[in-house]
Amino acid sequence: MSTEPPPFGSGQSPDDDPFKKQQPPPHEGGGSPYDPPPRQPPYGGGQPPPYAGGPYGGGGPYGGDPYGGGQYPGDPLSGMPPLADSGKRVLARIIDMILVAIVVGLLAWAFRISQYTVDSDDFEFGKSLAQEALAAILYIGYDTYFTVKNGQTLGKRLMKLRVANLDDGSTPPVQTALTRAVVLWIPFAFCCACIWTAIAGGWSFFDKPYKQGLHDKAAKTVVVSTG
C-alpha cells in the first residue's frame, strides 16, 4: 500500500482515509467483528501469540513500535506504522521553523514591522507585538493547513513522518490540528520560544509508550513513520 496520503481537496470522505485503521473481519464461525477472538494455545505450543500479527512482528501489517505499542489487543497503535524517531521529529520541526521564519521576516520587512529597535548607544531588544502576532498566525496556519491536508508539513514530508489520530490512525481533522498547533506555537510566538519548543517537542524523547510531545497529548495525536 502506498504511504502517500490522498491529495487535498479530492472530495474523499474521511471514512475512506487509507491511513484510518479498519475494523478486522469477523473470525470464522460467524458472530460480531467486535466479539473477542477465540482463545489460542499458549505461546510455544505450536501457535504464535494472538498479538503477533503482521509480517514485522507487531500488532498489524506495519508492525509495532520500539516500546511495544501495537503488540497487544486493544492497543490504539495496533495496525499503525511504527512511531517516528524523535530525532527526525526535531529535524522536521527545525525545517518548518526556518521556512515559516523566512516568510515572517519578509512580511515584517515589507510592512515595516521591526522586532528589534536600535538605540544610538546600545541595542534595545524590544519585541514587537505586531510581529509576534504575525508569527503566531503564520505558524499556526501553516501547521494546521498541512496537518489537515495529509498529516505532513513540509519538514515532515522530507523526514517521511506523518501526524495521525491516536485512536484510529486517520489524518487529524481541523479542530484536532488547530488544537495541536495552538498549544505548540502560541507560547513559542509570545513568550518563551526556545524553552517552550524544547519542552513541548523534547517531551517525545521521554514519553512512553506513544512518544508524544505535549502538543500531541493535548490533541490526542501521534507522529508515525511513512518510510
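The values are calculated or read from the model by the stated rules, or taken from the named source; none is laboratory data. Quantities reported herein were computed from a predicted structural model and do not represent experimental measurements. Reconstructed Cβ throughout: ideal geometry from the backbone, glycine too, with neighbour counts over all protein chains shown. Note: areas computed on protein heavy atoms with side chains; ligands, DNA, RNA excluded. Shrake-Rupley method; radii C 1.70, N 1.55, O 1.52, S 1.80 Å.
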> (1) touching a strand residue (DSSP E or B) at 6+ places or on another chain (Cβ under 6 Å); (2) modelled with pLDDT under 50: which one isn't true of GLY63, the others all being true?
Replying inline: (1)
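Kindly provide the set of residues from region 157-169 that are in contact (Cβ under 8 Å) with a residue 40 or more places away in the chain and open to solvent by 10 Å² or more (accessible area, probe 1.4 Å), ordered by number.
LEU158, MET159, LYS160, ASN165, LEU166, ASP167, ASP168
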>> Need pairs with beta-carbon distance below 6 Å; first residue open to solvent by less than 50 Å² (accessible area, probe 1.4 Å) and within region 79-96, second among the charged types (D, E, K, R) and assigned to a helix (DSSP H, G or I); sequence gap 6+ or separate chains.
In response: ALA92/LYS156
> Can you find even one residue in region 128-135 that is touching a strand residue (DSSP E or B) at 6+ places or on another chain (Cβ under 9 Å) and free of Cβ contacts under 8 Å to residues at least 24 places away in the same chain?
Replying inline: yes
> What number of residues within region 178-205 are modelled with pLDDT of 95 or more and out of contact with any helix residue (DSSP H, G or I) (no Cβ under 7 Å at 6 or more places or on another chain)?
Replying inline: 0
